[in-house]
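The values are calculated or read from the model by the stated rules, or taken from the named source; none is laboratory data. Since the structure is predicted, the reported quantities are computational estimates derived from the model, not experimental observations. Every residue, glycine among them, receives a Cβ derived from its backbone with ideal geometry; neighbour counts consider all protein chains shown. For accessibility, only protein heavy atoms count, side chains too; no ligands or nucleic acids. Shrake-Rupley method; radii C 1.70, N 1.55, O 1.52, S 1.80 Å.
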Amino acid sequence: MKKIFPYQTIGIIGGGQLGRMMCLAAKAMGYRVAVLDPTPNCPCGQVADVEITAAYNDLAAIEKLASESDVITYEFENIDVEALTWLNKNSYLPQGSDVLKITRHRYLEKSTIAGMGIPVADFALIQDAERLNIRPETVSGYSPVFREIPLEEMTFPCVIKTATGGYDGKGQIVLRSEADLPAARELAAAHECILEKFMPFSKEISVIVARSTTGEVRTFPVAENIHVNNILHQSIVPARISPQLEKEAVECAKKIAENMGAIGVLGIEMFVVGEKIVINELAPRPHNSGHYTIDACVTSQFEQHVRAICGLPLGDPALHTPVVMVNILGDHMNMKELCDLAPYLPLLPNGKLHLYGKAEAKIGRKMGHVNILGDVEKTLAAVDASKIWA
Ligand code: AMP
(Lines give C-alpha, C1' and ligand atoms only; values in the text may rest on other atoms or scores of the structure.)
Protein backbone atom coordinates (compact mmCIF):
# COMPACT_ATOMS: atom_id res chain seq x y z
CA MET A 1 0.00 0.00 0.00
CA LYS A 2 1.49 3.28 -1.19
CA LYS A 3 0.92 6.82 0.02
CA ILE A 4 0.64 9.52 -2.62
CA PHE A 5 1.48 13.01 -1.35
CA PRO A 6 0.77 16.54 -2.61
CA TYR A 7 2.93 17.63 -5.56
CA GLN A 8 2.70 14.08 -6.89
CA THR A 9 0.42 13.49 -9.88
CA ILE A 10 -3.00 11.85 -10.08
CA GLY A 11 -3.90 10.54 -13.55
CA ILE A 12 -7.61 10.48 -14.37
CA ILE A 13 -9.12 8.45 -17.21
CA GLY A 14 -12.13 10.44 -18.43
CA GLY A 15 -12.36 14.21 -18.40
CA GLY A 16 -16.09 14.89 -17.94
CA GLN A 17 -17.69 16.61 -14.97
CA LEU A 18 -16.72 13.88 -12.49
CA GLY A 19 -13.07 14.11 -13.55
CA ARG A 20 -13.27 17.90 -13.35
CA MET A 21 -14.64 17.91 -9.79
CA MET A 22 -12.12 15.23 -8.75
CA CYS A 23 -9.37 17.39 -10.25
CA LEU A 24 -10.57 20.57 -8.48
CA ALA A 25 -10.53 18.72 -5.14
CA ALA A 26 -7.07 17.26 -5.86
CA LYS A 27 -5.69 20.64 -6.89
CA ALA A 28 -6.99 22.22 -3.67
CA MET A 29 -5.05 19.55 -1.78
CA GLY A 30 -1.86 20.38 -3.70
CA TYR A 31 -1.75 17.49 -6.17
CA ARG A 32 -0.93 17.72 -9.86
CA VAL A 33 -3.48 16.19 -12.24
CA ALA A 34 -3.14 14.62 -15.67
CA VAL A 35 -6.23 13.63 -17.64
CA LEU A 36 -6.93 11.44 -20.67
CA ASP A 37 -10.03 12.21 -22.73
CA PRO A 38 -10.82 12.13 -26.46
CA THR A 39 -12.31 15.66 -26.49
CA PRO A 40 -9.92 18.62 -26.54
CA ASN A 41 -10.58 21.19 -23.78
CA CYS A 42 -12.83 18.73 -21.96
CA PRO A 43 -14.32 19.80 -18.58
CA CYS A 44 -11.41 18.25 -16.65
CA GLY A 45 -8.77 19.29 -19.20
CA GLN A 46 -9.70 22.94 -18.53
CA VAL A 47 -8.49 22.63 -14.92
CA ALA A 48 -5.84 19.87 -15.08
CA ASP A 49 -2.06 20.34 -15.33
CA VAL A 50 -1.70 17.89 -18.22
CA GLU A 51 -4.36 17.14 -20.84
CA ILE A 52 -3.83 14.12 -23.09
CA THR A 53 -6.30 14.12 -25.97
CA ALA A 54 -6.71 10.61 -27.36
CA ALA A 55 -9.13 7.69 -27.56
CA TYR A 56 -9.48 5.59 -24.41
CA ASN A 57 -8.21 2.51 -26.26
CA ASP A 58 -5.10 4.30 -27.55
CA LEU A 59 -2.43 2.34 -25.70
CA ALA A 60 0.30 4.90 -26.43
CA ALA A 61 -1.87 7.55 -24.75
CA ILE A 62 -2.53 5.24 -21.78
CA GLU A 63 1.24 4.74 -21.45
CA LYS A 64 1.76 8.51 -21.62
CA LEU A 65 -0.83 9.03 -18.85
CA ALA A 66 0.90 6.40 -16.73
CA SER A 67 4.33 7.98 -17.30
CA GLU A 68 2.97 11.35 -16.10
CA SER A 69 1.19 9.90 -13.03
CA ASP A 70 2.03 8.47 -9.59
CA VAL A 71 -1.45 7.00 -9.23
CA ILE A 72 -4.23 6.34 -11.75
CA THR A 73 -7.98 6.55 -11.24
CA TYR A 74 -11.03 6.88 -13.47
CA GLU A 75 -14.33 8.71 -13.66
CA PHE A 76 -16.33 6.10 -15.61
CA GLU A 77 -16.51 2.33 -15.68
CA ASN A 78 -16.28 1.29 -19.33
CA ILE A 79 -12.53 1.42 -19.60
CA ASP A 80 -11.03 -0.53 -22.48
CA VAL A 81 -10.12 -4.05 -21.27
CA GLU A 82 -6.66 -4.03 -22.82
CA ALA A 83 -5.90 -0.60 -21.34
CA LEU A 84 -7.08 -1.79 -17.93
CA THR A 85 -4.89 -4.90 -18.06
CA TRP A 86 -1.88 -2.82 -19.08
CA LEU A 87 -2.46 -0.25 -16.33
CA ASN A 88 -2.92 -2.94 -13.71
CA LYS A 89 0.45 -4.42 -14.60
CA ASN A 90 2.47 -1.30 -15.36
CA SER A 91 1.11 1.51 -13.19
CA TYR A 92 -0.35 2.12 -9.72
CA LEU A 93 -4.13 1.62 -10.08
CA PRO A 94 -5.21 1.12 -6.44
CA GLN A 95 -8.83 0.47 -7.48
CA GLY A 96 -7.64 -2.55 -9.47
CA SER A 97 -9.87 -4.13 -12.08
CA ASP A 98 -11.97 -6.69 -10.14
CA VAL A 99 -14.66 -4.27 -8.90
CA LEU A 100 -14.90 -2.66 -12.35
CA LYS A 101 -15.38 -6.04 -14.03
CA ILE A 102 -18.28 -6.78 -11.70
CA THR A 103 -20.01 -3.39 -11.73
CA ARG A 104 -20.00 -3.02 -15.47
CA HIS A 105 -21.96 -6.23 -15.94
CA ARG A 106 -25.44 -6.13 -14.42
CA TYR A 107 -25.74 -9.89 -14.00
CA LEU A 108 -22.37 -10.18 -12.22
CA GLU A 109 -23.21 -7.13 -10.14
CA LYS A 110 -26.60 -8.42 -9.03
CA SER A 111 -25.24 -11.93 -8.36
CA THR A 112 -22.38 -10.52 -6.28
CA ILE A 113 -24.67 -8.36 -4.13
CA ALA A 114 -27.25 -11.13 -3.71
CA GLY A 115 -24.36 -13.44 -2.76
CA MET A 116 -23.69 -11.17 0.24
CA GLY A 117 -27.25 -11.76 1.40
CA ILE A 118 -28.23 -8.18 0.47
CA PRO A 119 -31.61 -7.76 -1.31
CA VAL A 120 -31.76 -6.90 -5.04
CA ALA A 121 -34.76 -6.90 -7.39
CA ASP A 122 -35.55 -10.51 -8.43
CA PHE A 123 -33.50 -11.04 -11.58
CA ALA A 124 -32.74 -13.60 -14.28
CA LEU A 125 -30.27 -13.83 -17.17
CA ILE A 126 -31.85 -14.19 -20.63
CA GLN A 127 -30.16 -17.06 -22.48
CA ASP A 128 -32.46 -17.45 -25.48
CA ALA A 129 -33.94 -14.21 -26.83
CA GLU A 130 -36.26 -15.83 -29.39
CA ARG A 131 -38.02 -17.98 -26.82
CA LEU A 132 -38.34 -15.22 -24.23
CA ASN A 133 -41.73 -15.44 -22.59
CA ILE A 134 -43.06 -13.77 -19.48
CA ARG A 135 -46.13 -14.77 -17.51
CA PRO A 136 -48.80 -12.41 -16.19
CA GLU A 137 -48.80 -11.90 -12.46
CA THR A 138 -51.31 -14.17 -10.74
CA VAL A 139 -54.41 -12.70 -9.09
CA SER A 140 -52.80 -13.19 -5.71
CA GLY A 141 -49.83 -11.08 -6.89
CA TYR A 142 -46.12 -11.76 -6.68
CA SER A 143 -43.97 -12.07 -3.60
CA PRO A 144 -40.43 -11.01 -4.39
CA VAL A 145 -37.49 -13.06 -3.04
CA PHE A 146 -34.90 -10.31 -3.73
CA ARG A 147 -32.34 -12.52 -5.49
CA GLU A 148 -31.82 -14.53 -8.73
CA ILE A 149 -34.86 -16.52 -9.86
CA PRO A 150 -35.36 -18.98 -12.78
CA LEU A 151 -36.36 -17.06 -15.91
CA GLU A 152 -39.63 -19.04 -16.10
CA GLU A 153 -40.70 -17.54 -12.80
CA MET A 154 -40.47 -13.92 -14.01
CA THR A 155 -43.83 -12.16 -14.34
CA PHE A 156 -45.07 -8.80 -15.64
CA PRO A 157 -44.35 -6.04 -14.80
CA CYS A 158 -40.59 -6.35 -15.19
CA VAL A 159 -37.69 -4.49 -16.73
CA ILE A 160 -35.31 -5.75 -19.40
CA LYS A 161 -31.82 -4.24 -19.18
CA THR A 162 -28.71 -4.72 -21.29
CA ALA A 163 -26.06 -6.41 -19.16
CA THR A 164 -23.42 -3.84 -20.15
CA GLY A 165 -23.23 -0.28 -21.41
CA GLY A 166 -26.57 1.07 -20.14
CA TYR A 167 -26.86 4.24 -18.07
CA ASP A 168 -29.53 6.85 -17.22
CA GLY A 169 -32.24 4.39 -18.29
CA LYS A 170 -30.63 3.74 -21.70
CA GLY A 171 -30.72 0.09 -22.84
CA GLN A 172 -33.76 -0.78 -20.76
CA ILE A 173 -37.51 -1.23 -21.35
CA VAL A 174 -40.28 -1.67 -18.80
CA LEU A 175 -42.40 -4.67 -19.82
CA ARG A 176 -46.03 -4.53 -18.69
CA SER A 177 -47.77 -7.02 -20.99
CA GLU A 178 -47.31 -9.40 -23.94
CA ALA A 179 -47.48 -6.40 -26.26
CA ASP A 180 -44.01 -5.42 -25.00
CA LEU A 181 -42.45 -8.83 -25.75
CA PRO A 182 -41.35 -8.19 -29.37
CA ALA A 183 -39.33 -5.13 -28.28
CA ALA A 184 -37.81 -7.16 -25.44
CA ARG A 185 -36.89 -10.04 -27.78
CA GLU A 186 -35.31 -7.57 -30.19
CA LEU A 187 -33.19 -5.99 -27.43
CA ALA A 188 -32.17 -9.41 -26.10
CA ALA A 189 -31.23 -10.65 -29.60
CA ALA A 190 -28.87 -7.71 -30.04
CA HIS A 191 -27.36 -7.60 -26.53
CA GLU A 192 -26.79 -9.81 -23.53
CA CYS A 193 -29.69 -8.86 -21.23
CA ILE A 194 -31.15 -9.49 -17.80
CA LEU A 195 -34.75 -9.27 -16.62
CA GLU A 196 -35.60 -7.64 -13.32
CA LYS A 197 -38.89 -7.69 -11.50
CA PHE A 198 -40.36 -4.17 -11.47
CA MET A 199 -39.98 -2.89 -7.89
CA PRO A 200 -42.95 -0.96 -6.48
CA PHE A 201 -40.61 1.43 -4.66
CA SER A 202 -41.76 4.36 -2.57
CA LYS A 203 -38.47 6.21 -2.87
CA GLU A 204 -35.09 6.01 -4.57
CA ILE A 205 -32.11 6.71 -2.33
CA SER A 206 -28.36 6.37 -2.53
CA VAL A 207 -25.33 6.09 -0.30
CA ILE A 208 -21.82 7.17 -1.23
CA VAL A 209 -19.27 5.01 0.57
CA ALA A 210 -15.51 5.43 0.55
CA ARG A 211 -12.93 2.77 1.31
CA SER A 212 -9.27 3.70 1.49
CA THR A 213 -6.20 1.69 0.51
CA THR A 214 -5.70 1.38 4.30
CA GLY A 215 -9.08 -0.38 4.64
CA GLU A 216 -10.77 2.56 6.43
CA VAL A 217 -14.47 2.91 5.45
CA ARG A 218 -16.73 5.98 5.77
CA THR A 219 -20.25 6.61 4.43
CA PHE A 220 -21.93 9.89 3.51
CA PRO A 221 -25.48 10.68 4.64
CA VAL A 222 -28.28 8.99 2.66
CA ALA A 223 -29.60 11.02 -0.31
CA GLU A 224 -33.20 10.85 -1.50
CA ASN A 225 -33.18 10.97 -5.29
CA ILE A 226 -35.84 12.11 -7.71
CA HIS A 227 -35.41 11.10 -11.34
CA VAL A 228 -37.10 12.66 -14.36
CA ASN A 229 -36.97 10.68 -17.63
CA ASN A 230 -34.56 8.28 -15.87
CA ILE A 231 -32.02 11.06 -15.29
CA LEU A 232 -31.31 12.28 -11.76
CA HIS A 233 -33.15 15.56 -11.19
CA GLN A 234 -32.82 16.23 -7.45
CA SER A 235 -31.07 14.83 -4.40
CA ILE A 236 -32.59 15.78 -1.06
CA VAL A 237 -30.44 15.35 2.07
CA PRO A 238 -31.23 14.27 4.72
CA ALA A 239 -33.42 11.72 2.93
CA ARG A 240 -36.99 11.72 4.24
CA ILE A 241 -36.89 8.11 5.47
CA SER A 242 -37.09 6.41 8.87
CA PRO A 243 -33.95 6.12 11.04
CA GLN A 244 -34.25 2.34 10.71
CA LEU A 245 -34.14 2.47 6.89
CA GLU A 246 -31.30 4.96 7.03
CA LYS A 247 -29.30 2.64 9.27
CA GLU A 248 -30.00 -0.32 6.99
CA ALA A 249 -28.97 1.64 3.85
CA VAL A 250 -25.67 2.67 5.43
CA GLU A 251 -24.97 -0.87 6.68
CA CYS A 252 -25.64 -2.32 3.20
CA ALA A 253 -23.27 0.24 1.63
CA LYS A 254 -20.47 -0.57 4.10
CA LYS A 255 -20.92 -4.29 3.67
CA ILE A 256 -20.79 -4.00 -0.14
CA ALA A 257 -17.61 -1.85 -0.11
CA GLU A 258 -15.90 -4.14 2.40
CA ASN A 259 -16.91 -7.46 0.85
CA MET A 260 -15.90 -6.31 -2.63
CA GLY A 261 -12.63 -4.87 -1.34
CA ALA A 262 -13.46 -1.67 -3.21
CA ILE A 263 -11.01 1.24 -3.10
CA GLY A 264 -12.07 4.85 -3.61
CA VAL A 265 -15.62 6.13 -3.67
CA LEU A 266 -18.56 3.92 -4.62
CA GLY A 267 -22.05 5.28 -5.40
CA ILE A 268 -24.79 2.81 -4.44
CA GLU A 269 -28.33 3.34 -5.76
CA MET A 270 -31.15 1.76 -3.77
CA PHE A 271 -34.93 1.43 -3.75
CA VAL A 272 -37.08 1.65 -0.65
CA VAL A 273 -39.63 -1.15 -1.04
CA GLY A 274 -42.02 -1.26 1.89
CA GLU A 275 -39.70 -1.32 4.91
CA LYS A 276 -36.85 -2.88 2.95
CA ILE A 277 -33.72 -1.56 1.25
CA VAL A 278 -33.20 -3.11 -2.19
CA ILE A 279 -29.97 -2.40 -4.08
CA ASN A 280 -30.40 -1.20 -7.66
CA GLU A 281 -26.86 -0.61 -8.90
CA LEU A 282 -23.30 0.36 -8.05
CA ALA A 283 -20.93 2.88 -9.60
CA PRO A 284 -17.25 2.43 -8.60
CA ARG A 285 -16.57 6.18 -8.69
CA PRO A 286 -18.00 9.47 -7.41
CA HIS A 287 -21.69 9.68 -8.28
CA ASN A 288 -24.11 12.39 -9.38
CA SER A 289 -26.20 11.83 -6.25
CA GLY A 290 -23.13 12.70 -4.16
CA HIS A 291 -22.63 16.18 -5.63
CA TYR A 292 -24.45 17.68 -2.64
CA THR A 293 -21.40 16.76 -0.49
CA ILE A 294 -19.31 19.52 -2.13
CA ASP A 295 -21.13 22.26 -0.24
CA ALA A 296 -23.08 20.47 2.51
CA CYS A 297 -20.54 18.06 4.05
CA VAL A 298 -17.30 18.53 5.94
CA THR A 299 -15.53 16.51 3.21
CA SER A 300 -16.78 16.21 -0.38
CA GLN A 301 -17.08 12.88 -2.18
CA PHE A 302 -14.33 14.06 -4.55
CA GLU A 303 -11.88 14.94 -1.78
CA GLN A 304 -12.77 11.63 -0.10
CA HIS A 305 -11.99 9.76 -3.32
CA VAL A 306 -8.60 11.46 -3.59
CA ARG A 307 -7.85 10.68 0.07
CA ALA A 308 -8.92 7.05 -0.41
CA ILE A 309 -6.77 6.32 -3.46
CA CYS A 310 -3.80 8.25 -2.04
CA GLY A 311 -3.84 6.36 1.27
CA LEU A 312 -4.54 9.48 3.39
CA PRO A 313 -6.88 9.30 6.40
CA LEU A 314 -10.51 9.66 5.22
CA GLY A 315 -12.28 12.95 6.01
CA ASP A 316 -15.37 13.50 8.15
CA PRO A 317 -18.39 12.95 5.84
CA ALA A 318 -20.87 14.63 8.23
CA LEU A 319 -23.60 16.88 6.82
CA HIS A 320 -23.35 20.42 8.18
CA THR A 321 -26.45 21.82 6.43
CA PRO A 322 -29.55 20.29 4.86
CA VAL A 323 -29.31 20.55 1.08
CA VAL A 324 -31.14 20.05 -2.18
CA MET A 325 -28.98 19.34 -5.23
CA VAL A 326 -30.66 20.08 -8.56
CA ASN A 327 -29.12 19.02 -11.87
CA ILE A 328 -28.98 21.49 -14.74
CA LEU A 329 -29.40 19.75 -18.09
CA GLY A 330 -29.13 21.13 -21.60
CA ASP A 331 -32.94 20.95 -21.66
CA HIS A 332 -33.26 23.58 -18.95
CA MET A 333 -31.11 26.34 -20.32
CA ASN A 334 -29.48 27.30 -23.56
CA MET A 335 -25.90 28.52 -23.34
CA LYS A 336 -26.84 32.20 -23.24
CA GLU A 337 -29.25 31.71 -20.36
CA LEU A 338 -26.70 29.55 -18.59
CA CYS A 339 -24.06 32.24 -18.92
CA ASP A 340 -26.16 35.25 -17.91
CA LEU A 341 -27.47 33.37 -14.83
CA ALA A 342 -30.61 35.53 -14.59
CA PRO A 343 -33.08 32.72 -13.74
CA TYR A 344 -30.74 31.43 -11.02
CA LEU A 345 -30.26 34.68 -9.18
CA PRO A 346 -33.15 34.17 -6.71
CA LEU A 347 -31.64 30.78 -5.76
CA LEU A 348 -28.08 31.98 -5.37
CA PRO A 349 -27.95 33.63 -1.93
CA ASN A 350 -27.77 30.16 -0.39
CA GLY A 351 -27.30 28.24 -3.64
CA LYS A 352 -23.91 27.17 -4.94
CA LEU A 353 -23.79 26.92 -8.69
CA HIS A 354 -21.41 24.44 -10.31
CA LEU A 355 -21.05 24.58 -14.10
CA TYR A 356 -18.95 22.05 -15.96
CA GLY A 357 -17.53 24.16 -18.81
CA LYS A 358 -19.17 22.10 -21.57
CA ALA A 359 -19.10 23.91 -24.91
CA GLU A 360 -22.59 23.01 -26.07
CA ALA A 361 -25.94 22.50 -24.31
CA LYS A 362 -27.79 19.42 -25.61
CA ILE A 363 -31.00 17.71 -24.48
CA GLY A 364 -30.17 15.31 -21.63
CA ARG A 365 -26.58 16.59 -21.28
CA LYS A 366 -25.54 17.40 -17.70
CA MET A 367 -24.30 21.01 -17.81
CA GLY A 368 -24.03 21.69 -14.09
CA HIS A 369 -25.85 21.52 -10.80
CA VAL A 370 -26.82 23.80 -7.96
CA ASN A 371 -26.55 22.89 -4.27
CA ILE A 372 -29.10 24.88 -2.31
CA LEU A 373 -28.36 24.93 1.41
CA GLY A 374 -30.93 25.34 4.20
CA ASP A 375 -34.43 24.12 5.01
CA VAL A 376 -35.33 21.45 2.46
CA GLU A 377 -39.07 22.16 2.16
CA LYS A 378 -38.45 25.89 1.65
CA THR A 379 -35.81 25.10 -0.94
CA LEU A 380 -38.12 22.76 -2.85
CA ALA A 381 -40.74 25.56 -2.98
CA ALA A 382 -38.10 28.06 -4.19
CA VAL A 383 -36.95 25.61 -6.88
CA ASP A 384 -40.58 25.30 -8.10
CA ALA A 385 -41.04 29.07 -8.06
CA SER A 386 -37.88 29.58 -10.16
CA LYS A 387 -39.61 27.71 -13.06
CA ILE A 388 -36.14 26.69 -14.33
CA TRP A 389 -37.06 23.02 -14.13
CA ALA A 390 -40.77 23.41 -15.05
P1 AMP B 1 -30.77 1.96 -13.72
O2 AMP B 1 -30.11 2.33 -15.02
O3 AMP B 1 -30.73 0.53 -13.43
O4 AMP B 1 -30.27 2.80 -12.58
O5 AMP B 1 -32.30 2.36 -13.86
C6 AMP B 1 -32.71 3.71 -14.14
C7 AMP B 1 -34.01 3.97 -13.41
O8 AMP B 1 -35.03 3.08 -13.85
C9 AMP B 1 -33.94 3.78 -11.90
O10 AMP B 1 -33.43 4.93 -11.26
C11 AMP B 1 -35.40 3.51 -11.56
O12 AMP B 1 -36.14 4.71 -11.51
C13 AMP B 1 -35.87 2.70 -12.76
N14 AMP B 1 -35.71 1.24 -12.50
C15 AMP B 1 -34.64 0.50 -12.78
N16 AMP B 1 -34.80 -0.78 -12.41
C17 AMP B 1 -36.02 -0.86 -11.86
C18 AMP B 1 -36.78 -1.92 -11.26
N19 AMP B 1 -36.33 -3.18 -11.17
N20 AMP B 1 -38.01 -1.62 -10.77
C21 AMP B 1 -38.49 -0.36 -10.85
N22 AMP B 1 -37.84 0.69 -11.43
C23 AMP B 1 -36.62 0.44 -11.91
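So for the chain, averaging the separation of alpha carbon pairs under 8 Å that are six or more residues apart and normalising by length, what relative contact order in percent results?
Across the chain, relative contact order equals 14 percent.
Quote the charge dipole size of the chain about the Cα centre in Debye, to the nearest 20; the model charges only the Cβ of Lys and Arg (+1) and of Asp and Glu (-1).
580 debye
Once you place label points 7 Å from the Cα toward the Cβ at Asn334 and Thr138, how far apart are they in nm?
Result: 5.8 nm between the two label points.
For the chain, give me the percentage of DSSP beta bridges that are antiparallel, rounded to the nearest 5 percent.
80 percent
Given a 1.4 Å probe, how much area per residue of the chain is accessible, in Å²? Spell out each step's value before the answer.
Details: 16390 Å² over 390 residues.
On a per-residue basis, the chain sits at 42 Å².
Tell me which residues come under 5 Å, amide H to amide H, from Thr299 once H is placed; ignore anything under 5 positions away on its chain.
Under 5 Å from the amide H of Thr299 lie the amide H atoms of Ala318, each far enough along the sequence or on another chain.
Considering only Val323, Tyr344, Val376, whose Cα is most displaced toward the positive end of the charge dipole of region 293-390, charges sitting on Cβ of Lys, Arg (+1) and Asp, Glu (-1)?
Of the options given, the answer is Tyr344.
By accessible area of protein heavy atoms, probe 1.4 Å, what ranking do Tyr344, Tyr56 get, highest first?
Tyr56, Tyr344
Which far-off residues, 5 or more places away or on another chain, put their amide H under 5 Å from the one on Val71, with H placed in the peptide plane?
Those qualifying (amide H under 5 Å, at least 5 residues apart or on another chain) are Thr9, Gly11.
Ignoring everything except DSSP H segments at least 4 long, calculate the 222 nm mean residue ellipticity for the chain; use -39,500 (n - 2.57) per segment, divide by total residues, nearest 500.
-8000 deg cm²/dmol
Farthest toward the dipole's positive end in the chain, which of Gly117, Trp389, Met1, given Cβ charges of +1 (Lys, Arg) and -1 (Asp, Glu) about the Cα centre?
Highest projection toward the positive end goes to Met1.
Quick check: pseudo-label points 7 Å beyond the Cα along Cα→Cβ at Glu251 and Lys89, how many nm apart are they?
In this crude label model, Glu251 to Lys89 measures out at 4.4 nm.
For Phe146, list long-range residues whose amide hydrogen, built 1.01 Å from N in the peptide plane, is under 5 Å from its own amide hydrogen.
For Phe146, whose amide H was placed from the backbone, the distant partners under 5 Å are Asp122.
Modelled label-to-label distance, Glu258 and Ala55, 7 Å Cα→beta-carbon offset: nm?
Computed distance between label sites Glu258 and Ala55 equals 4.4 nm.
Assuming R0 = 30 Å, can you tell me the calculated FRET efficiency for the pair Tyr167 and Ala190, based on Cβ-Cβ distance, to the nearest 0.05?
Computed FRET efficiency for Tyr167 and Ala190 comes out at 0.95.
From the phi of every residue in region 332-342, what ³J(HN,Hα) in whole Hz does the Karplus formula 6.51 cos²θ - 1.76 cosθ + 1.60 yield, where θ is phi - 60° and glycine or proline is x?
Running phi through 6.51 cos²θ - 1.76 cosθ + 1.60 with θ = phi - 60° gives 7, 8, 8, 4, 5, 4, 5, 6, 8, 6, 3 Hz.
Show Cys42, Cys339 ordered by accessible area, largest first, where the area counts protein heavy atoms only and the probe is 1.4 Å.
Details: Cys42 5, Cys339 100 Å².
Sorted descending by solvent-accessible area, the residues read Cys339, Cys42.
Keeping the other protein chains in place, figure out the carbon and sulfur percent of the accessible area of the chain, with a 1.4 Å probe.
Values: 8530 of 16390 Å².
C and S fraction of accessible area: 52 percent.
Could you compute how much accessible surface Lys3 exposes when probed at 1.4 Å, giving the result in Å² to the nearest 10?
Per-residue accessible area (Lys3): approximately 90 Å².
What does the charge count around Leu282 come to, taking other residues whose C-beta lies under 11 Å from its C-beta (Lys +1, Arg +1, Asp -1, Glu -1)?
Taking every Cβ under 11 Å from that of Leu282, the sum is 0.
Classify region 219-293 as rounded, prolate or oblate from the Cα gyration tensor: take a ≥ b ≥ c as the square roots of its eigenvalues, call it rounded if a/c is under 1.5, otherwise prolate when a/b beats b/c and oblate if not.
The shape class here is oblate.
From the phi angles alone, apply the Karplus equation (6.51, -1.76, 1.60; θ = phi - 60°) to region 116-129 and give each ³J(HN,Hα) in whole Hz, x where the residue is Gly or Pro.
Each residue's phi maps through the Karplus curve to give 8, x, 9, x, 10, 4, 3, 9, 8, 7, 8, 9, 10, 4 Hz.
In whole Hz and in residue order, list the ³J(HN,Hα) couplings for region 224-230 that follow from phi through the Karplus curve 6.51 cos²θ - 1.76 cosθ + 1.60, θ = phi - 60°; x for Gly and Pro.
9, 10, 10, 9, 10, 6, 6
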